[in-house]
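Below is one structure; the comments refer to it alone.
Here, each number is a calculation from the coordinates, and none is a lab measurement. Owing to the predicted nature of the structure, the values given are computational and were not obtained by experimental measurement. Neighbour counts run over all protein chains shown; Cβ positions are idealised from the backbone, glycine included.
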Amino acid sequence: MTLSRNRAVRWLAVGAAVAILTTACGTPDSGSSGGSGGADHKGGTLTLLDQSDFEHLDPARNYVASQQHVAVLYAPTLTSYVNAAGVAGTAIAGDAATDTGTKNADASVWSFTIRQNLKWQDGKEVTCEDFLYGVKRSFSDILTDGPQYQKQYLLGGKNYKGVYLDPNGLPSVTCKGDTITYKLAQGVPDFNYTVSMGIFAAVRKDKDTKEKYDDQPFSYGPYMIKSHVRDQSLTLVRNKYWDQSLDKVRKNLPDEFDFKFGLDASVITDRLIQDKGADQATMTFGNTQVTAQQAQQVLNDPKLKARSVVGLDGFTWYIAVNTKKVPDQKCRQAYNYAMNKQTALTAFGGPAFGDIATSIIAPTLKAYKKADPYNLGSKPEGDPAMAKQLLAQSPTCQKNIKFDYSQTPDR
């Protein structure tokens with residue numbers, strides 16, 4: 001069993017997770033899992049417990065981290081993040097592509113070569129045209145909730161309505177042999193990171209079921225979807241046509257992934273603490289985490305703590321101020337000084353669930369630079385005196401504010 005603290009408190013807000021993983025076998029990435037000294041174990045079934053089903057399985061509609069992690073098992077993107085801990089894990093490698101792409105001088109034209117021996121679950125070869133079709137369908141209005149970068153970046157993307165309405169449109173994406181080329185409206189130096197999103201994954205035209213593709217996408221990755229019962233279960237088994245020797249990203253250790261949905265977080269935690277029978281090859285997944293009430297039991301037990309890994313992830317939770325409604329910067333700063341971040345962290349479960357942020361960028365990211373403009377390191381409880389001073393300098397600042405929030409069972 002591995003415990004991971006992976007959501008950090010950043011800047012104004014808080015967020016954290018203590019997740020329990022498995023003992024009996026290494027996880028697919030196996031880089032930080034516990035078990036038998038973190039050793040790799042190939043084969044078997046890995047069961048994953050989550051409170052709710054994935055919003056989407058269609059790679060064009062995936063915009064949640066946990067969904068994207070699963071999607072790379074059946075719909076590898078041109079590039080993917082490497083399997084490494086810490087800042088090293090922010091690097092990318094070629095995945096469905098042979099490398100991380102080539103660009104022209106101003107980064108407005110990018111090309112990627114599709115690697116050999118990439119096959120669909122029925123044995124047919126994956127082609128450049130499959131990737132071309134995949135990005136063109138992602139423009140369709142009926143495929144909701146996905147990223148919008150393709151519409152912003154690709155030349156002509158703002159007016160294109162998708163392959164269902166305009167099959168021959170979007171001339172800014174072309175295929176020549178195994179090479180797909182993207183012409184952008186302007187230079188995008190990190191476009192090879194952008195194509196790691198599912199909106200750029202391949203979809204085979206004869207297998208596209210439009211909205212229904214969300215239930216069971218057709219695979220060209222190391223695993224394929226055997227069954228999916230909405231809000232109950234999802235089972236992935238190996239794609240026999242996958243060439244593991246060419247995989248630069250995944251170890252693909254389990255023979256099967258078995259997701260179970262709809263379980264209470266406290267029940268999941270209790271099962272994994274007991275660590276009996278099949279639960280020895282079971283882990284939590286997605287947003288499921290140890291509750292604040294159970295965290296101390298987990299972290300204070302030497303045996304459980306010895307089977308844990310602790311670290312921050314790349315997420316920052318913060319309260320966003322509407323700058324149109326609150327245009328005065330001094331007023332916004334006053335709100336920031338007035339808030340007691342220490343109390344907020346305590347309400348979320350305490351230090352086990354994250355840290356107080358001093359920057360909007362998490363320290364696990366390569367772009368992070370240490371900064372503390374609001375003196376949170378020395379005054380996490382806030383600075384009411386400074387807040388009053390700023391309010392005095394801004395007579396138009398609203399003393400009564402409207403605070404919008406999402407109301408869920410655990411937040």
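Please find the FRET efficiency linking Asp40 to Asn375, where r is the Cβ-Cβ separation and R0 is fixed at 35 Å, and quote it to the nearest 0.05. Working shown, then result.
Details: r = 46 Å, r/R0 = 1.30.
About 0.15, to the nearest 0.05.
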### Query
Using 1/(1 + (r/R0)^6) with R0 = 56 angstrom and r between the beta carbons of Thr174 and Asn322, what's the FRET efficiency to the nearest 0.05?
0.85
### Task
Taking every pair of alpha-carbon atoms in the stretch 244-303, give the share separated by more than 15 Å as a whole percent.
61 percent
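So if we plug the beta-carbon distance of Gln244 and Gln342 into 1/(1 + (r/R0)^6) with R0 = 41 Å, what FRET efficiency do we get, rounded to 0.05? If you can, show how the numbers build up before the last one.
On the way: r = 48 Å, r/R0 = 1.18.
It comes to 0.25.
If you scale each eigenvalue of the Cα gyration tensor by 5 and take the root, what three semi-axes come out for the stretch 170-311, rounded to whole angstrom and sorted largest first? Mind dumping the intermediate values first?
Details: eigenvalues 290, 81, 53 Å².
Taking √(5λ) for each Cα gyration eigenvalue gives 38, 20, 16 Å.
Over the stretch 126-251, what per residue volume does the convex hull of the Cα atoms give, in whole Å³?
134 Å³
Mind running the shape call on the stretch 57-173? Use the C-alpha gyration tensor, a ≥ b ≥ c as the square roots of the eigenvalues: rounded below 1.5 for a/c, prolate if a/b tops b/c, oblate otherwise.
Details: a/c = 1.35, a/b = 1.28, b/c = 1.06.
Rounded, because the longest to shortest axis ratio a/c is under 1.5.
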### Message
Could you derive backbone 3J(HN,Hα) for the stretch 205-221 from the dihedral phi with the Karplus parameters 6.51, -1.76 and 1.60 (θ = phi - 60°), listing whole Hz in sequence and x where the residue is Gly or Pro?
### Response
4, 6, 10, 6, 10, 6, 4, 6, 4, 5, 7, 7, x, 7, 9, 9, x
#### Entry: Stokes-Einstein D in µm²/s, Kirkwood radius over Cα pairs - the stretch 217-277 at 25 °C with 0.890 mPa s viscosity
179 µm²/s
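Report the relative contact order of the chain, percent, no decimals, based on alpha-carbon pairs under 8 angstrom and at least 6 residues apart.
On the way: 888 pairs, mean separation 115.1, N = 411.
Relative contact order comes out at 28 percent.
What is the fewest-to-most order of Phe403, Phe315 by other Cβ atoms lying within 10 Å of their Cβ?
Details: Phe403 5, Phe315 18.
By the 10 Å Cβ count, ascending: Phe403, Phe315.
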### Query
Is the shape of the chain best called rounded, prolate or oblate, per the rule: a/c under 1.5 gives rounded, else a/b larger than b/c gives prolate, else oblate, with a ≥ b ≥ c the square roots of the Cα gyration tensor eigenvalues?
oblate
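At 4 °C and 1.567 mPa s, grab the translational diffusion coefficient of the stretch 261-380 from Stokes-Einstein with a Kirkwood Rh over Cα pairs, rounded to a whole number in µm² per second. Before the final figure, lay out the partial values.
On the way: Rh = 17.3 Å.
Estimated diffusion coefficient is 75 µm²/s.
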### Task
Report, in debye and to the nearest 20, how large the dipole of the chain comes out about its Cα centre when Lys and Arg carry +1 and Asp and Glu carry -1 on their Cβ.
1000 debye
### Task
Calculate the length of the line joining the C-alpha centroid of the stretch 276-308 to that of the stretch 171-196, in whole Å.
43 Å
### Message
I need Tyr241, Tyr63 ordered by Cβ neighbour count within 10 Å, fewest first.
### Response
Tyr63, Tyr241
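Can you give the translational diffusion coefficient of the stretch 112-199 in µm²/s, computed by Stokes-Einstein from the Kirkwood radius over Cα pairs at 4 °C and 1.567 mPa s? It would help to have the intermediate numbers written out before the result.
Details: Rh = 13.7 Å.
Diffusion coefficient, whole number: 95 µm²/s.
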### Estimated distance in nm for a label pair at Val267 and Asp301, the labels positioned 7 Å out from Cα along Cα-to-Cβ
1.9 nm
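List, in the order given, every pair from Lys226/Lys260; Lys119/Lys151; Lys136/Lys205; Lys324/Lys399; Lys136/Lys161 whose Cα-Cα distance in the structure shown is over 18 Å. Write out the running numbers ahead of the final one.
Numbers: Lys226/Lys260 14 Å; Lys119/Lys151 28 Å; Lys136/Lys205 11 Å; Lys324/Lys399 16 Å; Lys136/Lys161 9 Å.
Those over the limit are Lys119/Lys151.
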